[in-house]
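Data block below; observations after.
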Amino acid sequence: MVPLAFDSHLSSVPADKPAQSLSDAEPITSGPNVGEFEQKGKASWYGRMFHGRKTASGEKFNMNAMTAAHRTLPLASWVRVTNESNHKTVVVKINDRGPYVRGRVIDLSYAAAAALGMRGAGTQKVKIEGLTQQEARAAREEQAQSLADDNVN
């Protein structure tokens, strides 16, 4: 029998290394921490024309989800966006790149724009605040409860 090419390497694998257990594993997070990030500028939104298309993160764009496109923030990071004219806020996940129009800092999904009260205007001055993963989890839970309460009333 002819030995396979990788057989010779098996004997050189260190056996004295203790086996790792799942209890030693790092916790899984849903994205990077961008808690120190802050930016002000003009936001726009995108919707039906891009619905179902692949985003830069590989996810399909869902115009009814709370997502956004940003040029430099890490994909899968979370930010709070505040409409500076009415002070409404929304928490969105960065899952795409853009905007590609000069003078704009973030492209929001249709749902996020609607929650901020900026659908009709098309663009609006906003403040973007990066969130740590812990802040993002708490804010998403609070936002989900608030949206559920709005649908009941």
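The values are calculated or read from the model by the stated rules, or taken from the named source; none is laboratory data. Please read these numbers as outputs of a predicted model, since none were measured by experiment. Cβ sites come from the backbone with ideal geometry, for glycine too, and all protein chains shown count toward neighbours.
Residues that are closer than 22 Å to residue 35 by Cβ and out of contact with any strand residue (DSSP E or B) (no Cβ under 6 Å at 6 or more places or on another chain) are absent from region 105-113 altogether. Taking the numbered list (1) among the charged types (D, E, K, R); (2) closer than 22 Å to residue 132 by Cβ; (3) at pLDDT below 95 in turn, residue 80 passes all entries but (3). So residue 100 passes all but one of these: (1) surrounded by fewer than 19 Cβ atoms within 10 Å (Cβ to Cβ); (2) at pLDDT 95 or above. Which condition number does it fail? Going through (1) surrounded by fewer than 19 Cβ atoms within 10 Å (Cβ to Cβ); (2) at pLDDT 95 or above one by one, residue 100 breaks only (2).
Selection of region 81-92 for residues being in contact with a helix residue (DSSP H, G or I) (Cβ under 8 Å, 6 or more places away or on another chain) and buried (at least 19 other Cβ atoms within 10 Å of the Cβ) yields 81, 90, 91, 92. Taken over region 72-107, the residue count meeting the criterion of being within 15 Å of residue 59 (Cα to Cα) and not small (Gly, Ala, Ser) is 8.
Only one entry of 93, 88, 60, 54 meets the criterion of being of a type in the set (D, E, K, R) and closer than 14 Å to residue 31 by Cβ, and that entry is 93. Exactly one residue out of 136, 113 is modelled with pLDDT under 95, buried (at least 23 other Cβ atoms within 10 Å of the Cβ) and of a type outside the set (D, E, K, R): that is 136. Is it the case, given these coordinates, that residue 99 is part of a loop (DSSP other than H, G, I, E, B), in contact with a Ser or Thr (Cβ under 8 Å, 6 or more places away or on another chain) and not small (Gly, Ala, Ser)? So residue 99 passes the test.
In the set (1) at pLDDT below 95; (2) outside any helix (DSSP H, G or I); (3) hydroxyl-bearing (Ser, Thr, Tyr), the condition left unmet by residue 72 is number (1).
Screening region 117-145 for residues that are touching a residue at least 40 places away in the same chain (Cβ under 8 Å), in contact with a strand residue (DSSP E or B) (Cβ under 8 Å, 6 or more places away or on another chain) and in a loop (DSSP other than H, G, I, E, B) and picking the one that is nearest to residue 79 (Cα to Cα) gives 131.
Of all residues in region 33-79, those that are crowded, with 18+ Cβ neighbours inside 10 Å, without any contact (Cβ under 8 Å) to a residue 60 or more places away in the chain and not hydroxyl-bearing (Ser, Thr, Tyr) total 9.
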